[in-house]
Amino acid sequence: MTELQNQPTAFGQPGQEPRWTQGNKDGVGTAYAISSRVWFTLSNGILNEVYYPTIDRPQIRDLQYLVTDGSSFFHEEQCHLHTKTERIFPHLLGYRITNSDPEGRYTITKEIITDPRDSCILQHTRLTGHPQVLAKLQLYALCEPHLGVGGWNDSARVVEVAGVKILTAQQNNNWLAMAATVPFTRTSCGYVGESDGWTDLANNFQMDWEFQQAQAGNIALTGEIDPKNNQEFTLGLAFASQLHDAVTTLLLSLDIPFEEQKARYINQWNSACENRLPLEQVSGDGGNLYYSSFSLLLAHEDKIYPGAMIASLSIPWGNAHGDEQQGGYHLVWPRDMVNSVTALLAAGHKTTALEALIYLAASQQPDGGFAQNFWINGEPYWTGIQLDEVAFPILLAWRLYRHNALRQFDPYPIVMRATKYLINYGPATQQERWEEVSGYSPSTLAATIASLICAATFARERGDKSTAQFIEEYADFLESHIEAWTVTTEGTLIPEIKRHYIRINPVDVRNPYPNEDPNQRVLSIANCPPGSQWQFPAKEIVDAGFLELVRYGLRAPYDPLIVDSLKVVDAVLKVDTPLGSCWHRYNHDGYGQRDDGGPFLHHGKGRVWPLLTGERGHYELAAGHDVQPFIQAMEAFASDTGLLPEQIWDEPDYPDSQLYFGKPTGSAMPLAWAHAEYIKLLRSVRDGKVFDWIPEVANRYLGNSKPTQFLEIWKFNRQIRHVKAGYTLRIQALASFRLHWSNDNWQTVQNTGSTPTTINIEFVDIAISPSQQSPINFTFFWTHSQNWENCNYQVTVIS
């Protein structure tokens, strides 16, 4: 390997401030083999972020061709050419892009895959057009690295290996190398906006600069290809932790004919999909979206950390963000991940779901919880507490158990640790599924209760009946409070409907004495525009999260409260687009594209989410209604390449911002959760019942044996002030204690030792007589440390 000497260094250090690219992709791809540790994304006819060596680490901003005739025009693919992107085969994450000159003078056709065995992007390129035009064209490959998850502090240089000029870039132990099967006639390394190839060519349509290195900045690599003699070639972009490895990988990948590489790539995906269930039989598009959804979910799994699945290979509104946006959606959210692998399970693919459970076991925190989201290596990114994300791994374990897919793995320890966490930190959640507010959320409560019943099932089948009963009784306590916590009796959104579910009852988890009346709470809405109203009565903010109560079997679909709440949701949140019905997350949502078409930057306006159309479809199936309109709407919301967006534009067309009614906004696309919801909906329709429905939950809460014990729970993070006469008051703590208590204002005293459980929560039950009027007074003697609490507590008894 030779570094070119005595060549000039680029000027303009460090270059313009780096930016990512748009969040709505036209394609994502990777080889199915784990040895090829590279993922690519596409939009506007070019290659966007490429991830390596794990799926959470983007390494470039984009790669495109620049075209000029040297005198009269200058084109960049993503801005000036008409583009069409299509899949090579229905379930294959390989793409054909056709970029055409608006005046019809030339066309660039690209097929993009990865090396099926190694970490190299392969872009087979064919240039066609009028011979006289082609004779004058000059073609340049322009790559903007963002190594190490950022655009600052990259360095570039040109090296030569066996007579081949190779453009390279490096930051720490991240290297890339770019070359083609035809030689670069000229090369240059520059700083973006100052001395890069785009700035050079845009000036006078000529390549005037040939810099052989650029150090520590936002850099770009430019390689000239002579199209007069080379109208068909393959461009390669390889990644490694060392320069030597990157260059070797690049040259080896380019040495194998592209058609041979493509055949291997296709065979890998054919093998991955051969045991997929034939759910296309109930689709509305012949399986087009189903095939792509299945492959996309598989592609969102990492290859070094088996089972680790990110939310999306995208950075929402990335072109408005720089290096400060480290995470994007290329992180693990336990909720999104469990939904994704559950969908694969629904499609007949068990292996990834088990790998995901094992990965979650390794990611579980010492206290039994899970970080809000985290990097692939388990390092937390955001640190909020979302109880549904603690519940979902339990649900996954139960499903694998019921599908006989656990093999030799025993999930019981992680299930019990997560169960302890839910009981200890609940019942209110620090954040609900929209990650913004603390309190009592119908969707979080649904997932929590369902997971606790699953955990109790595990315990009972292990012969631990006392632990099973304790867990079930806590679940019953939650279930008996759902309406009290999350239903308003003073509804105003539809005047004739006073009683309906709300989005969340926003109690503060740090307050052990919360006012739990949903009619009296005030909800602060995140992401509202400056100067606009941001606080509302909680009873006036709704979402459809209560449908999770039907999904898991906690409430019947024809429950009058469910039916009335849907009427409110449809009146407030539903949008009928030309492609089908879709719903907002909640009213006054600020997370989405701005009204002027601009990106979400700290504030915006929440748009409608296709995954909510899937959730509604599950409800309609449970209610015995026609589901096809919801299936067909989701299929219509997908891109031509089979990608489902997080949000779609819900207003009249805004062509200046490329926003069209019913089409994607600038947020994430694809969203794995949306694809998962679609697959599960197909499986549910095929089976005639909701795939996520849990028989043990439905039998307990919808059957004739619904629990009748009236239980109220006091614990240190929820120190209730009142209990109803006739109830049982349960006092819970995390250590062994003797309860020193009185029910007659300390005239007589009782001492009751706590009952231990195998999940290290101790409790004492006090039966409250129906005629009891005096309060319950108590304190704790901690038996392990042999000391008193030194504080008395009181719970009044009400009729």
Fill in: Odd one out for ASP543 among (1) open to solvent by less than 20 Å² (accessible area, probe 1.4 Å); (2) out of contact with any strand residue (DSSP E or B) (no Cβ under 7 Å at 6 or more places or on another chain); (3) over 22 Å from HIS602 (Cα atoms)
(3)
Discussion item. Can you confirm whether ILE46 is open to solvent by less than 60 Å² (accessible area, probe 1.4 Å) and free of Cβ contacts under 8 Å to residues at least 60 places away in the same chain?
Written reply: yes
Discussion item. Against the definition (in the same structural domain as LEU682 (by the TED database), assigned to a loop (DSSP other than H, G, I, E, B), without any contact (Cβ under 8 Å) to a residue 12 or more places away in the chain and not hydrophobic (A, V, I, L, M, F, W, C)), how does HIS602 come out, yes or no?
Written reply: no
Practice prompt. State whether the residues of region 267-279 include one that is in the same structural domain as PHE691 (by the TED database) and part of a loop (DSSP other than H, G, I, E, B).
Written response: no
Discussion item. Consider region 651-689. How many of its residues are open to solvent by less than 60 Å² (accessible area, probe 1.4 Å) and of a type in the set (Lys, Arg)?
Written reply: 2
Worksheet entry | Of residues in region 207-233 being at pLDDT 95 or above and within 11 Å of TYR140 (Cα to Cα), the one nearest to the chain's Cα centre (by Cα) | LEU221
Practice prompt. Taking the residues in region 145-167 that are farther than 24 Å from THR21 by Cα and of a type outside the set (D, E, K, R) as candidates, determine which candidate is surrounded by the fewest Cβ atoms within 10 Å (Cβ to Cβ).
Written response: GLY163
Worksheet item: So which pairs qualify, if the first residue must be in region 679-706 and over 24 Å from LEU289 (Cα atoms), the second must be among the aromatic types (Phe, Trp, Tyr) and outside any loop (DSSP other than H, G, I, E, B), the Cβ gap must be under 9 Å, and the two must be at least 6 apart or on different chains?
Response: ILE694/TRP398; ILE694/TYR552; GLU696/TRP398; VAL697/TYR552; ALA698/TYR552
Discussion item. Any residue in region 124-145 that is touching a residue at least 60 places away in the same chain (Cβ under 8 Å) and in a strand (DSSP E or B) sitting within a Cβ distance under 9 Å of a residue that is open to solvent by 40 Å² or more (accessible area, probe 1.4 Å) and among the acidic types (Asp, Glu)? List the pairs, counting only those 6 or more apart or interchain.
Written reply: HIS124/GLU232; HIS124/GLU259; THR125/GLU232; ARG126/GLU232; LEU127/GLU232
Worksheet item: Cβ-Cβ below 8 Å, separation at least six or inter-chain, first residue in region 179-201 and assigned by the TED database to the domain that holds THR168 and basic (Lys, Arg), second surrounded by 18 or more Cβ atoms within 10 Å (Cβ to Cβ) and in a strand (DSSP E or B): which pairs?
Response: ARG186/GLY223; ARG186/GLU224
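Please work out which residue is farthest from TRP534 (Cα to Cα), limiting yourself to region 568-596 and to residues that are among the charged types (D, E, K, R) and open to solvent by 20 Å² or more (accessible area, probe 1.4 Å).
Start the filter on region 568-596 by keeping residues that are among the charged types (D, E, K, R), which leaves 570, 574, 576, 585, 589, 594-596.
Remaining after also requiring open to solvent by 20 Å² or more (accessible area, probe 1.4 Å): 570, 574, 576, 594-596.
Details: ASP570: 22, LYS574: 21, ASP576: 26, ARG594: 16, ASP595: 17, ASP596: 20 Å.
Restricting to residues being among the charged types (D, E, K, R) and open to solvent by 20 Å² or more (accessible area, probe 1.4 Å), the top hit is ASP576.
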Response to the item:
Inside region 40-54, the number of residues satisfying the requirement of being assigned to a strand (DSSP E or B) and closer than 16 Å to ARG87 by Cα is 6
Worksheet, complete the sentence: Taking region 185-206 and the residues there that are among the aromatic types (Phe, Trp, Tyr) and open to solvent by less than 60 Å² (accessible area, probe 1.4 Å), the one that is farthest from the chain's Cα centre (by Cα) would be PHE205
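For the structure I just gave you, tell me whether GLY318 is modelled with pLDDT under 95 and surrounded by fewer than 17 Cβ atoms within 10 Å (Cβ to Cβ). Steps first, answer last, please.
On the way: modelled with pLDDT under 95: yes; surrounded by fewer than 17 Cβ atoms within 10 Å (Cβ to Cβ): no.
Judged against the criteria, GLY318 is not a match.
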Worksheet item: Taking region 662-684, which residues are part of a helix (DSSP H, G or I) and hydrophobic (A, V, I, L, M, F, W, C)?
Response: ALA672, TRP673, ALA674, ALA676, ILE679, LEU681, LEU682
Practice prompt. Can you give me the number of residues within region 603-630 that are open to solvent by 20 Å² or more (accessible area, probe 1.4 Å) and aromatic (Phe, Trp, Tyr)?
Written response: 1
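I'd like the residue in region 418-432 that is part of a helix (DSSP H, G or I) and in contact (Cβ under 8 Å) with a residue 60 or more places away in the chain and, out of all such residues, is most open to solvent (accessible area, probe 1.4 Å). Explain how you work it out, then say what you get.
Kept after step one, since they are part of a helix (DSSP H, G or I), are these residues of region 418-432: 418-425.
Cutting the leftovers down to in contact (Cβ under 8 Å) with a residue 60 or more places away in the chain gives us 419-420, 423-425.
Working: THR419: 0, LYS420: 59, ILE423: 1, ASN424: 48, TYR425: 89 Å².
Per the criteria, the residue is TYR425.
Does THR98 meet the test of being out of contact with any Lys or Arg (no Cβ under 8 Å at 6 or more places or on another chain), among the polar types (S, T, N, Q) and either on the phi > 0 side of the Ramachandran plot or assigned to a strand (DSSP E or B) (or both)?
Values: out of contact with any Lys or Arg (no Cβ under 8 Å at 6 or more places or on another chain): no; among the polar types (S, T, N, Q): yes; either on the phi > 0 side of the Ramachandran plot or assigned to a strand (DSSP E or B) (or both): yes.
Answer is no for this residue.
The values are calculated or read from the model by the stated rules, or taken from the named source; none is laboratory data. The shown structure was predicted, so the numbers you read here are calculated from the model rather than taken from an experiment. Cβ atoms come from the backbone with ideal geometry, glycine included; neighbour counts cover every protein chain shown. The area values use the complete protein model at the heavy-atom level, side chains included, leaving out ligands, DNA and RNA. Shrake-Rupley method; radii C 1.70, N 1.55, O 1.52, S 1.80 Å.
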